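Shown next, in structure tokens, is the structure this report addresses.
The values are calculated or read from the model by the stated rules, or taken from the named source; none is laboratory data. Everything quoted here is computed from the prediction, not taken from an experiment. In this analysis, Cβ positions are derived from the backbone assuming ideal geometry, glycine residues included, and neighbour counts consider all displayed protein chains.
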Ligand code: GLU
């Protein structure tokens, strides 16, 4: 601040002399432009990572990886009053969980760090000083009360509140006098008329005449912290960002950023604004909905690949939409020129189906399957714990067999510990009267099943069993195959519905089936 004050007391040059004409710039997609692609995801740690944030991060990641570039995580924590404890760590942890880790970040570090804006205050002070020197910025001594009053008056007359640029033309003498009373004024950026036009890689040519709709914005607050616009421009420059891919809500701010680049004499990056991610009905995907936070999806057993797949499937950026794409496929097929201005409509009801596909893919890979078996063991332990009649059900071979049999029928591993699947792990409570109500031949059928299990060739493959089960009603007048199946399903699982009986028997294994059937006979 001391240097800033000295700058304030020195006569300034007329504003804008350092300004570089932006001219018309060819849109560059990185490849072939020679310069390394460096992109960043720059969330404010004012909340945990949600689906909208994940999508912005993912598009940055895909673009970086497609062009052999770097993906940077920068946390914009300059508004210290809005920080949410744990959010900074959560954002980075969730990017790791999602399989799109940054190359440079607060946790990982990197050559252009630090990656937390609160640790880069010196850079913003230097930039502010440069702007003060040229007169592109000026100190503002307006009190909070005055600013509040301006706002109230504007609202009362149904106008958009804006600063009236009162401190814009203070003389050197006035500044010196005011500084004596208020040595830590906020610094405002002098908005030039005629904002530069720019070619957004998604939205095409744009220009927002900021000066005609806004007052001069504060770029450095009296506490020495910058506001978003200055910090973003300074960091994108110092971090060597080649392309800014961010939500379309920032499109209107880009002209302001370009004015800042111009005033600082810095070359701007390329810009690509991403259309909004909305609910299927077009409503806002609210951050306040607890269930759009990545943590909730992870806890509910959704796979990162399923989330990446669904959020790219509902938007543009690919030649075609197709379910089941993996991250390497997304990188290979991503094409920034295919992003359109249309909002992406997300239908979360389809997520279980996406998850089913990806779960199935993981089960087919031996290494991944081993990990899933470990996770399922933990889930069973957690869900049934002391109710487990026999620890043998947790045997990896048993758990793997169940997983292999049920894949394709389940959307999440958690489904395997749902009430419908509890018979796989615990003994069902079945009363004899329940069985007698289904068939008059309970004992006969039970004995036949036991014999079937004792006989040769009972390897308990589903095909063999299916053929044998068909024969069970033979010679029992009035007993239909469907009755027998219902009876066995209830005897084995305690439930009227569930997987096919042959599959149930294979899942449980011959020993367990025998025990459950014997229990029927002795009841
Ligand atoms: N901190 C801003 C946000 O949270 C970043 C905007 C940008 O990417 O420039 O949306």
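Worth a mention:
- Any hit, the stretch 170-179, residues being assigned to a loop (DSSP other than H, G, I, E, B), over 40 Å from the mean Cα position of the chain (by Cα) and over 30 Å from residue 63 (Cβ atoms): yes
- Some residue of the stretch 96-114 being closer than 18 Å to residue 225 by Cα, in contact (Cβ under 8 Å) with a residue 12 or more places away in the chain and either part of a helix (DSSP H, G or I) or in contact with a helix residue (DSSP H, G or I) (Cβ under 6 Å, 6 or more places away or on another chain) (or both): no
- Residue tally, condition at pLDDT 95 or above and more than 36 Å from the chain's Cα centre (by Cα), over the stretch 187-211: 2
One line per residue, one yes/no per condition, for (1) under 30 Å from residue 298 (Cβ atoms); (2) in contact with a helix residue (DSSP H, G or I) (Cβ under 8 Å, 6 or more places away or on another chain):
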position: 391; (1), (2): yes, no
position: 406; (1), (2): yes, yes
position: 418; (1), (2): yes, no
position: 460; (1), (2): no, yes
position: 489; (1), (2): no, yes
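- Residue 356 in a helix (DSSP H, G or I), more than 15 Å from the chain's Cα centre (by Cα) and crowded, with 17+ Cβ neighbours inside 10 Å: yes
- Assessment of the stretch 263-279 against the conditions (away from the ligand (no atom under 16 Å from the Cβ), under 28 Å from residue 414 (Cα atoms) and free of Cβ contacts under 8 Å to residues at least 60 places away in the same chain) yields no matching residue.
Yes/no matrix, rows are residues, columns are (1) touching a residue at least 60 places away in the same chain (Cβ under 8 Å); (2) farther than 27 Å from residue 74 by Cβ:
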| site | (1), (2) |
| --- | --- |
| 177 | no, yes |
| 181 | no, yes |
| 184 | yes, no |
| 198 | yes, no |
| 201 | yes, no |
| 212 | no, yes |
| 219 | yes, no |
| 229 | no, no |
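- Whichever residue in the stretch 243-255 is more than 23 Å from the chain's Cα centre (by Cα) and surrounded by 19 or more Cβ atoms within 10 Å (Cβ to Cβ) and, among such residues, is farthest from the ligand (Cβ to nearest atom): 255
- Filtered residues of the stretch 298-315 (kept if assigned to a helix (DSSP H, G or I), over 18 Å from residue 360 (Cα atoms) and touching a helix residue (DSSP H, G or I) at 6+ places or on another chain (Cβ under 9 Å)): 311, 312, 313
- If you go through the stretch 222-242 and keep only what is away from the ligand (no atom under 11 Å from the Cβ) and farther than 25 Å from residue 138 by Cβ, you end up with 239, 240, 242.
- Within the stretch 199-213, considering residues that are crowded, with 17+ Cβ neighbours inside 10 Å and closer than 20 Å to residue 264 by Cβ, the one farthest from the ligand (Cβ to nearest atom): 211
- 1 or more residues touching a strand residue (DSSP E or B) at 6+ places or on another chain (Cβ under 7 Å) and farther than 25 Å from residue 36 by Cβ: qualifying strands (runs of 3 or more DSSP E) within the stretch 216-276: 218-220
- Residues considered: 416, 424. Of these, the only one that is free of Cβ contacts under 8 Å to residues at least 60 places away in the same chain, buried (at least 20 other Cβ atoms within 10 Å of the Cβ), under 35 Å from the mean Cα position of the chain (by Cα) and under 30 Å from residue 350 (Cβ atoms) is 416.
- Any chance residue 78 is over 19 Å from the mean Cα position of the chain (by Cα), within 11 Å of the ligand (Cβ to nearest atom) and touching a residue at least 12 places away in the same chain (Cβ under 8 Å): yes
- Filter pass, residue 379 being surrounded by 16 or more Cβ atoms within 10 Å (Cβ to Cβ), part of a helix (DSSP H, G or I), touching a helix residue (DSSP H, G or I) at 6+ places or on another chain (Cβ under 7 Å) and modelled with pLDDT of 95 or more: yes
- Yes/no for residue 173 being loosely packed, with under 14 Cβ neighbours inside 10 Å and either touching a strand residue (DSSP E or B) at 6+ places or on another chain (Cβ under 7 Å) or on the phi < 0 side of the Ramachandran plot (or both): yes
- Candidates 88, 64: the one that is more than 14 Å from the ligand (Cβ to nearest atom), part of a helix (DSSP H, G or I) and either within 18 Å of residue 119 (Cβ to Cβ) or at pLDDT 95 or above (or both) is 64.
- Residue satisfying all of: in the stretch 42-58; more than 8 Å from the ligand (Cβ to nearest atom) and outside any helix (DSSP H, G or I); nearest to residue 95 (Cα to Cα) among these: 49
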